[in-house]
1. With the dipole of the chain worked out from charges on the C-beta (+1 for Lys and Arg, -1 for Asp and Glu) around the Cα centre, which of PHE46, GLN36, THR102 lies farthest toward the positive end?
2. Run the numbers for THR45 and ASP16: contour at 0.36 nm per residue of separation, minus the present Cα-Cα distance, in nm.
3. Using 24 Å as the Cα-Cα cut-off, could you pick out the over-long pairs in LYS42/LYS96; LYS66/LYS96; LYS24/LYS66; LYS13/LYS66?
4. Among the aspartates and glutamates, which fall within straight-line cross-link reach of LYS17, defined as a Cα-Cα distance under 18 Å, with same-chain neighbours fewer than 8 residues apart omitted?
5. Say each of ILE57 and GLN7 gets a label point 7 Å from the Cα, pointing the same way as Cα to Cβ; how far apart are those two points in nm?
6. Taking the alpha-carbon set of region 59-104, what are its Rg and Dmax in Å?
7. Computed over the Cα atoms of the chain, what is the ratio Rg over Rh, Rh following Kirkwood?
8. Suppose every K and R has +1 on its Cβ and every D and E has -1 on its Cβ; what is the size of the dipole of the chain about the Cα centre, in Debye to the nearest 20?
Amino acid sequence: MGRYDAQERWKVKNPDKDREYRRKTQLNCRVKVLEQYGNCCKRCTFADPRALELDHINGGGHSERKRIGNMGVYRRALKFPNEYQLLCANCNRIKKAERNETRSKVVGKRMGG
């Protein structure tokens, strides 16, 4: 029986502790990413961490997250800073609309009018 088996058994026996450990680990990694990228939006300098998002400069973020998960993306962003940037939620949505990276059918149309 290897180390991996022991870890899996521990996770099954301690789901709450495992969940808390993963939450803290992801939060710590996010803090490192925010610090590395300047703690503010690259476009408008908005600095509230609750609204800051890691953006893939050349797109492809959705498929990368599906492939390697959020933690994988954070770890990769720490190693390859030229491929990512920090944007606030608004600037990230605007960038996606400008590049036609959005799935919405109402992009570019005015709402309510």
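Derivation of every value follows stated rules applied to the coordinates shown; laboratory data play no part. Just so you know, these numbers come straight off a predicted model, no measurement behind them. Cβ atoms come from the backbone with ideal geometry, glycine included; neighbour counts cover every protein chain shown.
1. Value computed over the given set: THR102.
2. Full-extension gain reported as 6.7 nm.
3. In this structure, LYS13/LYS66 exceed 24 Å between Cα atoms.
4. Qualifying aspartates and glutamates at Cα under 18 Å: ASP5, GLU8.
5. In this crude label model, ILE57 to GLN7 measures out at 3.2 nm.
6. Taking only Cα atoms of region 59-104, I get Rg and Dmax of 11.4, 32 Å.
7. 1.09
8. For the chain, the charge dipole is close to 280 debye.
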